[in-house]
Amino acid sequence: MTTTMDSTGRREELRAFLMARRAQVTPEDAGIPGGSRRRTPGLRREEVALLAGVGVSWYQWLEQGRDITVSPQVLDAVSRVLRLNEAERRHLYVLAGLNPPLGSSWERPQLTAGLERLIEGWMPKPAHLVDRYWNLIATNEAARLVLGYRRGQNDNCVASFFLDPMFHALDRNWDATARIVAAQYRAAMSEHPGDTGFAEIVDDLLDRSREFAELWALHEAMPAVTMTKVLDHPVAGELHFESTQLQVPGQSELIMVFHNPVAGTGTAERVERLLGLDTGE
């Protein structure tokens with residue numbers, strides 16, 4: 001009974017979604033020459049069907065929420081005609097009863113001015129932004145000076161951690177951190193089954209890092225939890241941080257990583273001195 005009700009609700013939502021999106025696409029948007037005045041806004045069903053390369057009856061059944069067979073190729077064609085963004089396209093897949101697209105369809109998220117202000121607002125504490133693959137999107141000045149991240153570099157954080165000797169020397173407990181990093185990356189990868197982007201990074205690391213290969217063979221998985229790190233900074237000295245990952249609301253492809261100095265360790269004062277700030281001492 002629950003399955004039937006869930007299916008019925010999904011089809012009703014599919015009908016409402018397609019009708020609403022169709023009404024928001026004008027003939028001019030779709031490249032259809034203007035004609036007589038229309039009684040309702042947007043495209044007609046037969047126009048969507050024609051532009052998507054599907055039968056008029058089939059598209060009508062889809063919009064009516066009938067129990068029909070759909071394919072990713074057809075849903076992609078409908079998505080293009082209705083000018084759906086990536087989130088809306090994935091939503092259409094779910095409503096149609098298919099797994100949402102992954103891998104090659106993924107688009108690199110963009111840094112918004114609001115997110116940039118959020119990162120800079122965390123100063124003088126380090127903060128950085130990564131995408132689903134842990135590719136570095138943005139950093140603040142503290143993250144660059146304390147953690148060694150480089151402005152404008154699209155580095156992958158997990159690859160840098162295992163391949164760059166600087167990160168090995170910086171983390172006092174590198175071996176323990178490395179095991180956590182590998183386990184957390186496997187957990188992140190499991191959230192996107194079949195995503196070739198993760199596979200490319202992992203395959204590269206398996207070839208280039210013996211440490212990563214040994215840890216990956218353990219098949220451990222761990223959720224993103226707050227980690228305490230002890231760093232041996234070449235200028236600032238011993239630094240203690242609690243590092244926390246937070247998914248960006250409304251932008252699930254982006255992850256904020258905030259590094260908070262551990263109280264009573266003198267880390268905040270050392271970081272401020274490193275940044276050239278007056279600590280009052």
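The values are calculated or read from the model by the stated rules, or taken from the named source; none is laboratory data. These numbers were taken from a predicted model, which means no experiment stands behind them. Don't worry about glycine lacking a Cβ; one is built from the backbone with ideal geometry, like all the others, and counts go over all protein chains shown. Just the protein is used for accessible areas: all its heavy atoms, side chains included, with ligands, DNA and RNA removed. Shrake-Rupley method; radii C 1.70, N 1.55, O 1.52, S 1.80 Å.
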**OP:** Considering every residue within region 95-103, establish whether at least one is assigned to a helix (DSSP H, G or I), touching a residue at least 24 places away in the same chain (Cβ under 8 Å), on the phi < 0 side of the Ramachandran plot and open to solvent by less than 20 Å² (accessible area, probe 1.4 Å).
**Re:** yes
Checklist entry - Is it the case that some residue within region 254-261 is farther than 22 Å from residue 118 by Cα and open to solvent by 30 Å² or more (accessible area, probe 1.4 Å)? => result no
Pairs returned, first residue in region 166-179 that is under 17 Å from residue 149 (Cα atoms), second residue that is part of a helix (DSSP H, G or I) and among the hydroxyl-bearing types (Ser, Thr, Tyr), beta-carbon separation under 8 angstrom, 6 or more apart or interchain, are 167/160; 171/177
Restricting region 189-215 to residues that are charged (D, E, K, R) and open to solvent by 70 Å² or more (accessible area, probe 1.4 Å), the one farthest from residue 159 (Cα to Cα) turns out to be 191
Only one of 132, 150, 186 is in contact (Cβ under 8 Å) with a residue 24 or more places away in the chain and open to solvent by 20 Å² or more (accessible area, probe 1.4 Å), namely 186
Across (1) crowded, with 17+ Cβ neighbours inside 10 Å; (2) of a type outside the set (D, E, K, R); (3) within 26 Å of residue 267 (Cα to Cα), residue 168 clears everything bar (1)
